[in-house]
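Step one of this worksheet: look at the structure below.
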Amino acid sequence: MIYPQANSYRGTKNLSGPWDFKWDPQNLGIKKKWKKGLKGSKRITVPASWNEQFKETRDYLGPAWYQTHFNRDSNSIGRKVFLRFGSVNYMAEVWLNGVRLGSHEGGHLPFVFEVTKHLKKKNNLVVRVEGYLKPDRVPPGNVPPGPLDSFNNNFNPPASFDFFPFCGIQRPVLLFTTPNERIEDLTVTTDISGKNGQVRVDIAASVSLPSTLKVSLEGFGWKMVSEAPLKNGKAAYLLPVPNAKLWGPGSPNLYQLKVELKLAGKTIDQVGLPVGIRTIRVKGSQLLLNNKPIFLKGFGRHEDYPGTGRYLPPAALKKDYANMQWIGANSFRTTHYPYSDEDMVMADRLGFLVIDETPAVGLFFKKDGLARRLKLCRQFTRDMIARDKNHPCVAMWSLANEPHSNRPAAVPFFKNLAQLARNMDKSRPVTLVSYLGTPEKSFKFLDLVCVNRYFGWYSEPCDLNKAIPRLSKDLDAIYRRFKKPLLVTEFGADALPGSHAQPPAMFSEEYQREMISRYLGVIKQKPFVVGAHVWNLSDFKTAQATHRPNGMNYKGVFTRQRKPKLAAFALRKLWNKNT
Ligand code: BDP
């Protein structure tokens, strides 16, 4: 999937801004044909969740209707025009000028409709959104409590995961144009041999007449150009890069790839892509970046911000990276859904390694709805890889977070997904994140073992003298069982900002600081642990529950407003070489 681009052949128009909005608690909109236009609506900001924009809609999960108007640009005439939604949670149905374009299920990945033939001079775009929590959706919500299938968290709204089920149009909506005959897709993979790099570019194009492709790669005072005919709409190039400047944390070197489609010597389409030359592999108990062992220091995060909900406005996104850089982190996981395109671009540019995770959080394997959950997980895995495959920042694919995989059906489920991921991308490891540890059977056929650990919090409360030796033994046992590199993908404690205690007590900043520091002390002694991700970078909103004061998870080392807690300073001392 090529991200919309603006050049002499392609154009984009961002439809962000104030839209019309109307909620529909009685579900009348379809019958009353709101697709033709909304009357009596409010104004809402797009992108942003609806839940924090109005007091009436905090816990409302839909349905609700959106509308905007836009003019057709004259430069789109004679070209194909598409609408791209970066993310709508959870169900979206879309009409343009009263004509139904289609629907989409799933909250955190883009979807596109071609609109060329429906466009008028003035256009009316209407979107119906609904985000109910249901057991046969992904992530599943409202899951009946049961020892094998869910934690009995008793959240309101009834999420079966620990973050607020924000709804709405939560990422930018783009209108974009391409030529009719065009480059359809690019796949870039890179390799290293000695001092040299190798960039492989696979190109798919749709053209009716014999045409050629001109490919150029340049950077750091070096350039190469190659031209060859297209065969059946496909072409592959192997571009050797002498003395390659490799990509990695601390050296986010990017080359610039340009692909031109030519017909009778004339360029008819062009796309560009930044390329980071790097390899990422598992070898024995190590994770190798560019053939050297790497330790992932970083965080789980959330796309969560006051007022905008599940949309990180550009300045907030920038601040998250500034905070991670200040601490000396080199990586994060897209807990618990793929993050925005803008986030991935920033990770490429600033040199962060990303564990890219699907929205499969809290899966359960009871028969009811299982086939549907698998179908959705396949769709989301496929769409995530299609969207993110060309980002050098993506270090591995994570198929799920904390599945309740104690039922036998979990094994074929994840075998199926792992196979799909490997068929689509042979260049990256595949993993999933578990709370189970040694009993997690799927680790046998995955490349790395990722576990979340809360000894000293959910067990051994406030007793680090018991929790820390337990962590140490547990990590050893997991390694003995699987003999694969291990990542501790979550650990941490809630700290109410400004709450202090001596001796450290739960919910104080001192306890959070001590727990995180002592975990890192144990992890340092285990050569098979290849990464530690603190839970969480920033405090984030959850549904309401007795264990979530203010409907908040306070495990951030920064507050929801991105202010540091004591643990942030301690982490900076441990991780940032410049302190
Ligand atoms: C882990 C989950 C994460 C939660 C965290 C917690 O993966 O989503 O927010 O626990 O309880 O189990 O803070």
By residue number, the members of segment 8-36 that are under 27 Å from the mean Cα position of the chain (by Cα) and touching a residue at least 60 places away in the same chain (Cβ under 8 Å) are R10, G11, T12, K13, N14, L15, S16, W19
Looking at (1) over 23 Å from the mean Cα position of the chain (by Cα); (2) within 16 Å of the ligand (Cβ to nearest atom); (3) polar (S, T, N, Q), find the lone condition where S517 falls short.
-> (2)
Residue selected from segment 543-566 under the condition assigned to a strand (DSSP E or B) and of a type in the set (A, V, I, L, M, F, W, C), by the criterion farthest from the ligand (Cβ to nearest atom) = F558
Test: residue in segment 377-392 that is within 16 Å of the ligand (Cβ to nearest atom), acidic (D, E) and out of contact with any helix residue (DSSP H, G or I) (no Cβ under 8 Å at 6 or more places or on another chain) | no
Breaking point among (1) over 24 Å from R480 (Cα atoms); (2) surrounded by 15 or more Cβ atoms within 10 Å (Cβ to Cβ), for A264 = (2)
Residue list for segment 332-367, filter: hydroxyl-bearing (S, T, Y) and farther than 21 Å from D539 by Cβ | T358
Considering only strands (runs of 3 or more DSSP E) fully contained in segment 222-275, which possess at least 2 residues that are in contact (Cβ under 8 Å) with a residue 40 or more places away in the chain?
-> 234-241, 255-263, 266-275
Would you check if there is a residue in segment 435-444 being surrounded by 15 or more Cβ atoms within 10 Å (Cβ to Cβ) and small (G, A, S)?
-> yes
Scanning segment 62-102 for residues that are over 25 Å from the mean Cα position of the chain (by Cα) and at positive phi, the one surrounded by the most Cβ atoms within 10 Å (Cβ to Cβ) turns out to be N97
Of the residues in segment 452-470, those that are over 22 Å from H547 (Cα atoms) and either in contact with a Pro (Cβ under 9 Å, 6 or more places away or on another chain) or within 13 Å of the ligand (Cβ to nearest atom) (or both) number 0
Somewhere in segment 158-172, is a residue touching a Gly at 6+ places or on another chain (Cβ under 7 Å), in contact (Cβ under 8 Å) with a residue 60 or more places away in the chain and closer than 17 Å to F70 by Cα?
-> yes
Would you please list the contacts, defined by Cβ atoms under 6 Å and residues six or more apart or on different chains, that run from a residue in segment 447-467 that is on the phi > 0 side of the Ramachandran plot to a residue that is not in a loop (DSSP other than H, G, I, E, B)?
-> G456/L464; G456/A467; G456/M515; E460/K466; E460/A467
Does segment 471-490 contain at least one residue that is over 29 Å from the mean Cα position of the chain (by Cα), within 16 Å of the ligand (Cβ to nearest atom) and not acidic (D, E)?
-> no
Evaluate segment 164-176: report whether one residue or more is charged (D, E, K, R) and more than 16 Å from the ligand (Cβ to nearest atom).
-> yes
Does segment 42-57 include one or more residues that are within 25 Å of P4 (Cβ to Cβ) and either assigned by TED's automatic domain parsing to the domain that holds D269 or among the small types (G, A, S) (or both)?
-> yes
Top-ranked residue in segment 211-240 [being over 17 Å from L273 (Cβ atoms) and of a type in the set (K, R); ranked as farthest from the chain's Cα centre (by Cα)] = K231
Just a yes or no: is a residue in segment 62-70 at pLDDT 95 or above, outside any strand (DSSP E or B) and hydrophobic (A, V, I, L, M, F, W, C)?
-> no
Subset of segment 527-542 that is crowded, with 17+ Cβ neighbours inside 10 Å and part of a loop (DSSP other than H, G, I, E, B) - its residue that is farthest from the ligand (Cβ to nearest atom) | F528
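The values are calculated or read from the model by the stated rules, or taken from the named source; none is laboratory data. Bear in mind that the values here come from a model prediction, so they are computed numbers and not experimental data. Because the Cβ atoms are built from the backbone with ideal geometry, glycine has one as well, and the counts that use them run over all protein chains shown.
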